Amino acid sequence: MGLLDGKVAIVTGAGGGIGREHALSLAAEGAKVLVNDLGGARDGSGAGSQRMADHVVEEIRAKGGEAAPNYDSVATIAGGRGVLKSALAAFGKVDILVNNAGILRDKTLSKMEEEQWDLVNAVHLKGTFCVTQPTFNHMRERGEGGVIINTSSTSGLEGNFGQCNYGAAKAGIWGFSRCLALEGKKNNIRVFVLAPVAHTRLTEDLPFFQTEETKARMDPKLVSPLVVFLASDLAKELTGRTFFVGGGTIAEMKMVRGEGVTKKENGGLWTPQEIAQNITKILT
Ligand SMILES: NC(=O)c1ccc[n+]([C@@H]2O[C@H](COP(=O)([O-])OP(=O)(O)OC[C@H]3O[C@@H](n4cnc5c(N)ncnc54)[C@H](O)[C@@H]3O)[C@@H](O)[C@H]2O)c1
């Protein structure tokens, strides 16, 4: 008995890295998996190669699981509909969506080209919308609930040098998910956010990942058990949560409003000097 027997999952960008591990882990727990990957290079350039998705489908089938490929780009609504259509054609329904596809075009803001901003936001933020909207509507119409897991990053939630485009997209995915978690409640569609860390082709040239010890400790397969947990009934009481996950650590990440200070006098209107006098209390 697997935790996800009878379930159907879509994983975008599942031809390599973290997405491949998600697909293998979901399949190992009994889910039928639609393996989406456009192929192409780390920065989103190059002709798409069907080989990446096909290879993961073969790996799942070789282990006795069920999988089907899809090669659409998540960056357009036509692509997002294509992903859902492939899942429905292969398996007839979708219970679980993991939005994971991603690229990098790092540049400091002063040197960033419009195209670097647009492409990163198209794949990550718009891509999350493009696949989620048709799938969310399918889940609503089916009326049997669902789980949507979106991939953010500490680069967006905490900030990272040289990644204003990527950080903006990843923080946008967090906001999108927080709102969708509220919209999904009525239909028992649970929504989560991951901020993973793993050694993949996306991160292989970062200084942090240069030692063999770090590469081994940051194996992408360490991210996926959390996805299986969230997708399963073990997490059926949870929604709207954000998790840091990687290297053996799992921790909730939260946007927290401090206690702050409320002024009652003068209709609550602060002067800048009063704000300066209270800044220590405001910042706690
Ligand atoms: N590796 C990390 O430490 C880390 C940290 C934070 C967030 N993330 C996020 O995790 C996700 C997976 O990243 P990864 O590290 O496994 O990188 P990766 O490059 O190994 O995997 C990303 C996959 O997405 C696919 N892809 C790219 N554009 C696509 C498109 N338009 N449509 C469909 N597929 C597309 C790529 O072909 C690739 O297989 C990404 O969203 C990334 O931003 C990773």
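The values are calculated or read from the model by the stated rules, or taken from the named source; none is laboratory data. Computed from a predicted model, the values in this text were never measured in an experiment. Cβ atoms come from the backbone with ideal geometry, glycine included; neighbour counts cover every protein chain shown.
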Do the conditions hold for Val123, that is, is it among the β-branched types (Val, Ile, Thr), closer than 19 Å to Thr200 by Cα and assigned to a helix (DSSP H, G or I)? yes
One residue from Phe243, Phe208, Phe161 being on the phi < 0 side of the Ramachandran plot, at pLDDT below 95 and within 16 Å of the ligand (Cβ to nearest atom): Phe208
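Determine whether Gly143 is away from the ligand (no atom under 16 Å from the Cβ), loosely packed, with under 12 Cβ neighbours inside 10 Å, touching a residue at least 12 places away in the same chain (Cβ under 8 Å) and of a type outside the set (Lys, Arg).
On the way: away from the ligand (no atom under 16 Å from the Cβ): yes; loosely packed, with under 12 Cβ neighbours inside 10 Å: yes; touching a residue at least 12 places away in the same chain (Cβ under 8 Å): yes; of a type outside the set (Lys, Arg): yes.
So Gly143 passes the test.
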Unique match (being assigned to a helix (DSSP H, G or I), more than 25 Å from Ala41 (Cα to Cα), among the charged types (D, E, K, R) and within 23 Å of the chain's Cα centre (by Cα)) among Lys221, Lys215, Lys185, Lys281: Lys185
Tally time: how many residues in region 230-261 are in a loop (DSSP other than H, G, I, E, B), more than 15 Å from the chain's Cα centre (by Cα) and charged (D, E, K, R)? 5
What are the residue pairs meeting all of these: first residue in region 218-229, first residue closer than 11 Å to Val197 by Cα, second residue of a type in the set (A, V, I, L, M) and outside any helix (DSSP H, G or I), Cβ atoms under 6 Å, and 6 or more apart or on different chains? Met218/Ala198; Pro220/Ala198; Val223/Ala198; Val223/Val245
Residues of region 236-276 that turn out to be of a type outside the set (Gly, Ala, Ser) and surrounded by 11 or more Cβ atoms within 10 Å (Cβ to Cβ), as a count: 15
Keeping to region 205-250, report how many residues are within 22 Å of Cys179 (Cα to Cα) and of a type in the set (Gly, Ala, Ser). 4
